[in-house]
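Presented below is the structure to which this report refers.
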Amino acid sequence: MALSGYLSEHNLFPPFQSAYRKLHSAETALLKVFSDITTDIDSGQLALLSILDLSAVFDTVDHDILIQRLTTSFRIQEIPLCWLQSYLTDLTQSVQFTGQSTSPCHIECGVPQGSVLGPLLFLIYTADVGHIIKTHGLLHHCYADDSQLYFFCRQGDDDILKPAVLACIEDVVRWTTSNHLQLNLSKMSFFGAPQHAGCTSKTVECFRRAMVTSQLQCRSTTTACTSIAI
C-alpha cells in the first residue's frame with residue numbers, strides 16, 4: 001500500500017509500535033518487553049511495568065486533528081492529502097441484519113478498524129504517545145491501542161523514579177484528553193519483579209496508588225462519539 005510504503009521509506013512508523021506493520025506482531029512486542037525486563041532483573045534492578053489501554057480509540061479519532069497531524073508531523077501534502085481528506089469526508093454507516101439495513105448515518109469521527117487504511121491512520125493519530133514517554137526517559141512498547149510502560153530502579157530508589165513516572169502518566173492523560181481519547185482505568189495494571197525482593201510489593205503498591213490518583217485527577221470528561229465498520 002502507498003501510505004505504508006511511504007511511512008516505511010521515511011522511517012515515520014512509531015519505532016516501538018508492533019501492530020499493523022510488516023515483520024512486526026504481538027510476538028515481537030512480547031519478546032522486546034520480556035528481553036528488556038529480564039536483562040535488567042539479571043543486573044539486580046527492580047522492574048516495574050504499567051499496562052495502559054485506550055478506550056474505543058478507533059471510534060474517537062478526530063478527523064480534523066488527524067488531517068493536521070498528517071500534514072505537520074508526517075509531511076503528507078497535495079494530492080495524497082486530498083485523497084485522505086476525501087476518504088474521511090461524508091462517511092456513513094449502516095447495520096445489516098437478516099437481510100435488513102438501517103438508514104445510513106453520518107460519521108463525525110473515527111476510522112474503520114477492519115479496513116486497510118484505518119489501522120495506519122490510527123498509528124499516525126496516536127504516534128505522539130511514544131514521543132511523550134520518551135521525553136520522560138522511560139521505556140515503552142505498544143501493540144495497537146495497548147501500551148506497556150516500563151522502567152527500572154535499584155531497590156530503595158523508587159522515590160527518585162516516582163516523580164518521573166507520574167509526570168509521564170499525567171502528560172499522557174492530558175494528551176489523550178486534548179485528542180478526544182481516554183485511558184481505560186478499569187484495565188490499567190501494574191506489576192513488579194522480582195517477586196522475591198523484599199520491597200517489590202511495597203514499591204508496586206505505592207506506584208499503583210499514586211498512578212490511579214493521578215489519572216483520576218486528569219480523567220477526561222469528553223463525550224466519545226462512536227462509529228461502526230460494517
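Which numbered condition in (1) touching a Phe, Trp or Tyr at 6+ places or on another chain (Cβ under 6 Å); (2) open to solvent by 50 Å² or more (accessible area, probe 1.4 Å) is the only one that Leu138 fails? With (1) touching a Phe, Trp or Tyr at 6+ places or on another chain (Cβ under 6 Å); (2) open to solvent by 50 Å² or more (accessible area, probe 1.4 Å) applied to Leu138, the lone miss is (2).
Quick one: in the stretch 97-106, which of the residues that are assigned to a loop (DSSP other than H, G, I, E, B) and polar (S, T, N, Q) is surrounded by the fewest Cβ atoms within 10 Å (Cβ to Cβ)?
Ranking the qualifying residues of the stretch 97-106, first place goes to Thr98.
Which one is nearest to Leu139 (Cα to Cα) among residues in the stretch 39-75 that are at pLDDT 90 or above and among the hydroxyl-bearing types (Ser, Thr, Tyr)? Filtering first and then ranking leaves Thr39. Listed here are the helices (runs of 4 or more DSSP H) enclosed by the stretch 1-96 that have at least 3 residues being without any contact (Cβ under 8 Å) to a residue 12 or more places away in the chain: 26-42, 63-72, 78-88. Within the stretch 103-125, the only residue that satisfies the criterion of being free of Cβ contacts under 8 Å to residues at least 24 places away in the same chain and hydrophobic (A, V, I, L, M, F, W, C) is Cys105. When we screen Ser50, Ser43, Ser8 for residues that are open to solvent by less than 30 Å² (accessible area, probe 1.4 Å), among the hydroxyl-bearing types (Ser, Thr, Tyr) and on the phi < 0 side of the Ramachandran plot, the only hit is Ser50. Give the number of residues within the stretch 8-39 that are over 18 Å from Leu120 (Cβ atoms) and acidic (Asp, Glu). Of the residues in that region, 2 qualify.
How many residues, within the stretch 107-120, are of a type in the set (Gly, Ala, Ser) and open to solvent by 70 Å² or more (accessible area, probe 1.4 Å)?
1
The values are calculated or read from the model by the stated rules, or taken from the named source; none is laboratory data. Values in this document were obtained by computation on a predicted structure and should not be read as measured data. Cβ coordinates were reconstructed from backbone atoms using ideal geometry, including for glycine residues, and neighbour counts include every protein chain displayed. Remember, those area values only see protein heavy atoms, side chains included, never the ligands or the DNA or RNA. Shrake-Rupley method; radii C 1.70, N 1.55, O 1.52, S 1.80 Å.
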